[in-house]
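What follows is one structure encoded as structure tokens, with my remarks underneath.
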């Protein structure tokens, strides 16, 4: 395992998460946490994948970690957990698999009769199933910690215990 | 029932609907909207029932003794993403519970949240371009591909913003953006660099992925708001179809 490459990938994953955070207009005080949470989730996912784990399960675990960390960080940042977790997990979307799925479907459709090569069909099905399950793992993984903790909101999130908001609002 | 009390009831009802509208159109899940509105109305001493759909909210509010009630309906503004508003409303709801805010204070806070600033356009474009480059690196692209993706994402988002400002259909906006982004990424291969640019081409449209619908679909279905979840899912699917149509157009033009 090349450690430099691993850290670099985590860094770029964090940057991709920041892009979505800015697109979704999250409060500026949460930007650093979004970056850190996303990078940690990516590190977890890559380490599990390096260990030989299936990409779907590794994505699920990485997304779970992101969900958990964002619950913890939401208390400190005075926001709701999903504001941190949604931008942080979106970079896990399997973009290249989806692209190959679309390309494969187009190629298959181009054949006038059913004599397309079996390799093409099996590759396309493989990419399609992988994309589908990875997307499911992302959505499920992020929601999982919230369901386990059985808290609809960060309930211990007491505004009065933190520093007061500026008086003018 | 005195005149002032009934006036207060209707005022509270319209404020709650406005809060629900802001939450819905900023990307909150159905359970979150219901929870926030119930929390606020409990703190103000009313009981509230809500009917939440994708593009309209219906609310019945009654006072503690159920002597008087008010039903009203509000159309939800077009959906977007604005987490600053959600965060602000979440904080406000707790301050209403704990500091017993008056209606006047709530109205002022809502006014403030409605005009809350976005990040400046240059920053959004640059960061989203960088995010595209990051995506490209994640899937194993080279540094040259990263630069190609940066340019493609940058211009793609610019096209989407311009199309949205001109009030095109939202799926058409996504289609335009996906088409332009992938067209630019593909043009580097077609006219300039004689190398494999698959990663750049595939990741140049990823800034368009419907992430909020994807995750809200799941949480809505899990929470039992199945109809809303299905609606969000179909919306997300339509965005995905628009993205792939945009890419397909490029693929057909370039014969990849």
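The values are calculated or read from the model by the stated rules, or taken from the named source; none is laboratory data. These numbers were taken from a predicted model, which means no experiment stands behind them. Don't worry about glycine lacking a Cβ; one is built from the backbone with ideal geometry, like all the others, and counts go over all protein chains shown.
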Study note, to complete from the structure: Taking the range B:216-228 and keeping residues part of a helix (DSSP H, G or I) and either more than 13 Å from chain A (Cβ to nearest Cβ) or in contact (Cβ under 8 Å) with a residue 60 or more places away in the chain (or both) leaves B:216, B:219, B:220, B:223, B:226, B:227, B:228
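Being surrounded by 15 or more Cβ atoms within 10 Å (Cβ to Cβ), away from every other protein chain (no Cβ under 14 Å) and within 27 Å of the chain's Cα centre (by Cα) is the requirement here; does residue B:54 meet it?
yes
Can you go through B:100, B:167 and tell me which one is surrounded by fewer than 17 Cβ atoms within 10 Å (Cβ to Cβ) and over 23 Å from the mean Cα position of the chain (by Cα)?
B:100
Of the residues B:31, B:64, B:43, which is within 14 Å of chain A (Cβ to nearest Cβ) and farther than 23 Å from residue B:111 by Cα?
Only one candidate passes the filter, namely B:31.
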Practice item. Please work out if residue B:81 is at the interface with chain A (Cβ under 8 Å from one of its Cβ atoms), over 14 Å from residue B:41 (Cα atoms) and part of a loop (DSSP other than H, G, I, E, B). Key: yes
Point to revise | Selection count, the range A:64-109, where residues are within 18 Å of residue A:45 (Cβ to Cβ) and in a helix (DSSP H, G or I) | key: 20
Review point. In the range A:97-143, how many are surrounded by fewer than 16 Cβ atoms within 10 Å (Cβ to Cβ) and closer than 30 Å to residue B:223 by Cβ?
Key: 3
Check your understanding: Quick one: is residue B:61 out of contact with any strand residue (DSSP E or B) (no Cβ under 7 Å at 6 or more places or on another chain) and at pLDDT 90 or above?
Key -> no
Check your understanding: Out of curiosity, is residue A:94 within 9 Å of chain B (Cβ to nearest Cβ), surrounded by fewer than 21 Cβ atoms within 10 Å (Cβ to Cβ) and in contact (Cβ under 8 Å) with a residue 40 or more places away in the chain?
Key -> no
Exercise for review: State whether the residues of the range B:185-197 include one that is touching a helix residue (DSSP H, G or I) at 6+ places or on another chain (Cβ under 7 Å) and facing another protein chain (nearest Cβ under 10 Å).
Suggested key: no
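Conditions tested, residue by residue: (1) under 26 Å from residue B:80 (Cα atoms); (2) touching a helix residue (DSSP H, G or I) at 6+ places or on another chain (Cβ under 7 Å); (3) more than 10 Å from chain B (Cβ to nearest Cβ).
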| site | (1), (2), (3) |
| --- | --- |
| A:11 | no, yes, no |
| A:19 | yes, yes, no |
| A:31 | yes, yes, no |
| A:42 | no, yes, no |
| A:49 | no, yes, yes |
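Look through the range B:206-215, keep the residues that are farther than 14 Å from residue A:63 by Cβ and assigned to a helix (DSSP H, G or I), and return whichever of them is nearest to the other protein chains (Cβ to nearest Cβ).
B:206
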Practice item. Evaluate the range B:237-255: report whether one residue or more is at the interface with another protein chain (Cβ under 10 Å from one of its Cβ atoms), assigned to a helix (DSSP H, G or I), out of contact with any strand residue (DSSP E or B) (no Cβ under 8 Å at 6 or more places or on another chain) and closer than 28 Å to residue A:147 by Cα. Key: yes
Review point. Considering the range B:89-107 alone, what residues qualify as being at the interface with chain A (Cβ under 8 Å from one of its Cβ atoms) and closer than 30 Å to residue B:124 by Cβ?
Key: B:90, B:91, B:94, B:95
Review point. Among the residues of the range A:40-52, which ones are modelled with pLDDT of 90 or more and either over 19 Å from residue A:11 (Cα atoms) or buried (at least 21 other Cβ atoms within 10 Å of the Cβ) (or both)?
Key: A:41, A:42, A:45
**Study point:** Among the residues listed as B:183, B:207, B:218, B:179, the single one being buried (at least 17 other Cβ atoms within 10 Å of the Cβ) and under 20 Å from residue A:11 (Cβ atoms)
**Key:** B:207
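Would you be able to tell me the number of residues in the range B:108-125 that are without any contact (Cβ under 8 Å) to a residue 60 or more places away in the chain, part of a helix (DSSP H, G or I) and more than 9 Å from chain A (Cβ to nearest Cβ)?
Summing the residues that are without any contact (Cβ under 8 Å) to a residue 60 or more places away in the chain, part of a helix (DSSP H, G or I) and more than 9 Å from chain A (Cβ to nearest Cβ) in the range B:108-125 gives 4.
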**Study point:** Residue tally, condition modelled with pLDDT of 90 or more and exposed (fewer than 15 other Cβ atoms within 10 Å of the Cβ), over the range B:115-136
**Key:** 4
